[in-house]
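Here is the structure we will look at.
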Ligand SMILES: [Zn+2]
């Protein structure tokens with residue numbers, strides 16, 4: 001099969017890779033219908049994470065082509081959505097809704113789903129079948145559920161977005177934009193999106209943002225304080241992962257408020273004394289997307305939400321290198337790869 005390989009930072013190539021086979025009785029093999037390039041794929045692409053001939057990709061939807069002897073919940077022919085962590089969905093951690101930290105978790109990025117096929121470990125716990133074969137127009141949205149929507153949704157839940165709340169979203173990548181959609185869906189009263197890019201501002205407004213703040217860092221904090229009567233927001237979503245974005249999120253939150261942080265933390269160092277006196281809740285980490293998948297699939301299937309709008313560039317898998325380049329240069333928010 002064909003699959004994406006990151007040979008070294010900046011060097012993406014589509015190569016022949018061995019067809020995956022069932023290894024454990026709990027595995028399934030899926031034929032991928034669509035996959036995509038994640039903002040977090042840019043960390044190794046830019047050399048901020050190590051990269052030496054690694055298969056890429058952790059977002060996927062597709063059709064089950066084979067199952068191991070122990071698999072009961074999905075069958076050959078099912079169209080399925082999974083998340084970027086495979087999880088058993090039965091251990092104590094999964095049972096409390098933290099499937100991304102399952103005691104048996106596998107990172108799908110190590111398998112590399114930017115490919116024609118993928119082996120999915122712990123298929124019963126990981127995969128959720130759609131109610132039937134999807135209308136092709138729903139595939140981008142179902143694919144978004146596998147990571148960026150599920151992650152934005154978790155961030156909004158962790159930030160306790162809801163009725164009567166003012167929510168700030170720091171980060172205008174796909175996760176931040178879908179955090180706006182999630183906050184809206186959860187009933188937030190006011191949603192302030194932090195973005196400098198006109199096209200992303202437009203999508204944020206479409207997804208339910210009520211205000212746009214262009215300033216970053218402490219200028220952004222001052223602007224948000226100004227918009228919230230000097231108090232700061234009840235709920236803040238952090239969807240970048242840098243020192244500046246994390247501090248902007250923390251400082252934009254009112255005492256007693258909640259930060260939901262889902263940007264993969266890179267060299268973030270939190271000042272203890274400031275945190276102590278802030279009186280805020282911090283909750284985040286790798287999103288347990290599996291917790292939300294049944295609900296998200298339902299909302300997409302009923303056409304209540306259209307998160308697939310975040311994909312603004314679609315390319316064939318063979319042109320993955322251009323997809324990475326477009327995202328790196330911020331010419332694209334989110335790239336869908338057809339398989
Ligand atoms: Zn588990």
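The values are calculated or read from the model by the stated rules, or taken from the named source; none is laboratory data. As the structure is a computational prediction, the values presented were derived from the model and not from experiment. Neighbour counts run over all protein chains shown; Cβ positions are idealised from the backbone, glycine included.
Values as computed for the structure displayed
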{"item": "Residues satisfying the stated conditions in the range 185-199, i.e. under 25 Å from residue 300 (Cβ atoms) and surrounded by fewer than 24 Cβ atoms within 10 Å (Cβ to Cβ)", "result": "185, 186, 187, 189, 199"}
{"item": "Options 49, 41; residue that is in contact with a helix residue (DSSP H, G or I) (Cβ under 6 Å, 6 or more places away or on another chain) and either farther than 18 Å from residue 293 by Cα or at pLDDT 95 or above (or both)", "result": "49"}
{"item": "Residue in the range 74-90 that is surrounded by fewer than 22 Cβ atoms within 10 Å (Cβ to Cβ), within 21 Å of the chain's Cα centre (by Cα) and not in a strand (DSSP E or B) present", "result": "yes"}
{"item": "Single unsatisfied condition, residue 146 versus (1) over 30 Å from residue 7 (Cα atoms); (2) away from the ligand (no atom under 16 Å from the Cβ); (3) touching a residue at least 40 places away in the same chain (Cβ under 8 Å); (4) surrounded by 22 or more Cβ atoms within 10 Å (Cβ to Cβ)", "result": "(1)"}
{"item": "Residues satisfying the stated conditions in the range 99-140, i.e. in contact (Cβ under 8 Å) with a residue 24 or more places away in the chain, in a loop (DSSP other than H, G, I, E, B) and within 16 Å of the ligand (Cβ to nearest atom)", "result": "121, 122, 127"}
{"item": "Answer residue from the range 55-70, given it is buried (at least 16 other Cβ atoms within 10 Å of the Cβ) and in a loop (DSSP other than H, G, I, E, B) and is farthest from the chain's Cα centre (by Cα) among those", "result": "68"}
{"item": "Qualifying position, being more than 16 Å from the ligand (Cβ to nearest atom) and out of contact with any helix residue (DSSP H, G or I) (no Cβ under 9 Å at 6 or more places or on another chain), among 80, 76", "result": "76"}
{"item": "From the options 118, 161, 156, 123, residue that is surrounded by 20 or more Cβ atoms within 10 Å (Cβ to Cβ), over 17 Å from the mean Cα position of the chain (by Cα) and not assigned by TED's automatic domain parsing to the domain that holds residue 35", "result": "161"}
